[in-house]
Amino acid sequence: MKLPRRFFQPLATGAPAPFRDLPVKLERMIHFVPPHNEKVRARVPDLAGTVDVVLGNLEDAVPADQKEAARAGFVTMAKATDFAATGTGLWTRINALNSPWILDDLFTLVAECGDKLDVVMVPKVEGPWDIHYIDQLLAQLEARHGVKKPILVHAILETAEGVANVDSIASASPRMHGMSLGPADLAASRGMKTTRVGGGHPDYRVIADPAGDAARASAQQDLWHYTIARMVDACMANGIKAFYGPFGDFSDSEACEVQFRNAFLMGCAGAWTLHPSQVAIAKRVFAPDPAEVAFAARIVAAMPDGTGAVMLDGKMQDDATWKQAKVIVDLAKLVAAKDPDLAKVYDLG
Ligand SMILES: CC(=O)SCCNC(=O)CCNC(=O)[C@H](O)C(C)(C)COP(=O)(O)OP(=O)(O)OC[C@H]1O[C@@H](n2cnc3c(N)ncnc32)[C@H](O)[C@@H]1OP(=O)(O)O
Ligand SMILES: O=CC(=O)O
Ligand SMILES: [Mg+2]
């Protein structure tokens, strides 16, 4: 274990000092773009102003013979758009640590566009050792290329071993931005019997006891509840952010919305969007409900220093509900700063 006082020291001479606290950013959706696809890439300058994060994906979903084209396409895409001008994050998902592509992914991207790159998403993270490796390598590359701002790291939680080590992954480095649930790889790694990318399964259910001839009530359960809860606790305990990952059935926007909303209510900051149709869903879900914002604002106003106990509409409020209300009001302010329509609806002054 590293001594606490060394935790925030740069890992290479000349590398930027790690952030003490994460930059505060609205990240309702991490929008995936296939950078080897010239047609989709051409849409990025317009797309950038409409999403919170653009992620150029180099890993799964890019065919092996297109890996170099995806890497080159990412560099072209990064250089062609001023993402910072619209407050949009620029992320990449690199190839896995055991793949033949990862070194060239990092060497090329940090050299060519390291100053524009906000976050590197690392797939199939198994334990803190994977983060330590990426942390050291990024520091060396930042130093070599004079990158001024630390590039953050986001882990995908998508292996059984990764879930077993989720707490130590979250605390592995001050470079950690957060974590996303990867339900497709995780299902395979765990031996789950589903071919779906996220969402529920009609056969995963509970059933009521028999009661004579009456039909037995039965309800579908959430396959991902346990893992999302573990991920949120690990992330929030370490001051980093949790995200729901992909929802693969683009034809079922209703189920996508329900899955995203469950994650939002449990503490997630956002989700991945793989198709333009999912962007509006993420915007709807990862912004607090206006009625909830209005009530939360009344709680904050009723307890100006956040202590004591008051009654509002027959409901007891105290220091704990004040903190709950602050979570909602603070998020609403962040959303309002980016969305003039919701700013009017929230009316937080
Ligand atoms: C388990 C995991 O790892 S999930 C993460 C990995 N997967 C991904 O990153 C997939 C990202 N998404 C994609 O690559 C694409 O959406 C695909 C290949 C799956 C489907 O693409 P298409 O067959 O073109 O879908 P569709 O015809 O519905 O697209 C409609 C329009 O949206 C565009 N589009 C599709 N996906 C995207 C996207 N992610 N970003 C921007 N535009 C997109 C299409 O180019 C098309 O444009 P057009 O109307 O000008 O022709
Ligand atoms: O990478 C994402 C996943 O679900 O697997
Ligand atoms: Mg995966």
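The values are calculated or read from the model by the stated rules, or taken from the named source; none is laboratory data. Computed from a predicted model, the values in this text were never measured in an experiment. Here Cβ is always computed from backbone atoms with ideal geometry, including for glycine, and neighbour counts include all displayed protein chains.
Which ones in region 96-105 are away from ligand 2 (no atom under 16 Å from the Cβ), of a type outside the set (D, E) and part of a helix (DSSP H, G or I)?
Once the filter is applied, which keeps residues that are away from ligand 2 (no atom under 16 Å from the Cβ), of a type outside the set (D, E) and part of a helix (DSSP H, G or I), region 96-105 yields only L103.
Quick check: is even one residue across region 171-179 closer than 20 Å to G239 by Cα, within 15 Å of ligand 2 (Cβ to nearest atom) and either polar (S, T, N, Q) or crowded, with 17+ Cβ neighbours inside 10 Å (or both)?
Looking through region 171-179, at least one residue is closer than 20 Å to G239 by Cα, within 15 Å of ligand 2 (Cβ to nearest atom) and either polar (S, T, N, Q) or crowded, with 17+ Cβ neighbours inside 10 Å (or both).
Taken over region 68-122, the criterion of being surrounded by fewer than 18 Cβ atoms within 10 Å (Cβ to Cβ) and aromatic (F, W, Y) is satisfied by F107 alone.
When region 151-191 is filtered for residues that are part of a strand (DSSP E or B) and within 16 Å of ligand 1 (Cβ to nearest atom), the ones remaining, listed by number, are H154, A155, I156, L157, M179, S180, L181.
Selection of strands (runs of 3 or more DSSP E) fully inside region 1-95 by the criterion of at least 1 residues being away from ligand 2 (no atom under 16 Å from the Cβ) and in contact (Cβ under 8 Å) with a residue 12 or more places away in the chain returns 53-57, 89-93.
If the requirement is being surrounded by 14 or more Cβ atoms within 10 Å (Cβ to Cβ) and not aromatic (F, W, Y), which of these qualifies: V310, V327?
Details: V327 fails: surrounded by 14 or more Cβ atoms within 10 Å (Cβ to Cβ).
So the residue among V310, V327 that is surrounded by 14 or more Cβ atoms within 10 Å (Cβ to Cβ) and not aromatic (F, W, Y) is V310.
Annotation: V125 fulfils all but one of (1) touching a residue at least 40 places away in the same chain (Cβ under 8 Å); (2) in a loop (DSSP other than H, G, I, E, B); (3) surrounded by fewer than 16 Cβ atoms within 10 Å (Cβ to Cβ); the unmet one is (3).
Strands (runs of 3 or more DSSP E) fully within region 257-327 that include at least 1 residues being of a type in the set (A, V, I, L, M, F, W, C) and more than 16 Å from ligand 1 (Cβ to nearest atom): 309-312, 315-318. For region 265-275, the condition of being within 21 Å of V119 (Cβ to Cβ), touching a helix residue (DSSP H, G or I) at 6+ places or on another chain (Cβ under 6 Å), modelled with pLDDT of 95 or more and surrounded by fewer than 22 Cβ atoms within 10 Å (Cβ to Cβ) holds for at least one residue. On inspection, A229 does not qualify as in a loop (DSSP other than H, G, I, E, B), modelled with pLDDT of 95 or more, out of contact with any strand residue (DSSP E or B) (no Cβ under 8 Å at 6 or more places or on another chain) and surrounded by fewer than 16 Cβ atoms within 10 Å (Cβ to Cβ).
In region 161-182, the residues that are within 21 Å of T92 (Cβ to Cβ) and free of Cβ contacts under 8 Å to residues at least 24 places away in the same chain never reach a residue that is within 16 Å of ligand 3 (Cβ to nearest atom) and among the polar types (S, T, N, Q) with C-beta atoms less than 7 angstrom apart, at least six apart or across chains. In region 135-150 there is at least one residue that is within 19 Å of F74 (Cα to Cα), β-branched (V, I, T) and away from ligand 1 (no atom under 16 Å from the Cβ).
Can you find, within region 9-59, the residue that is nearest to L103 (Cα to Cα) among those that are out of contact with any Leu (no Cβ under 9 Å at 6 or more places or on another chain) and exposed (fewer than 12 other Cβ atoms within 10 Å of the Cβ)? Once the filter is applied, the top-ranked residue is T13.
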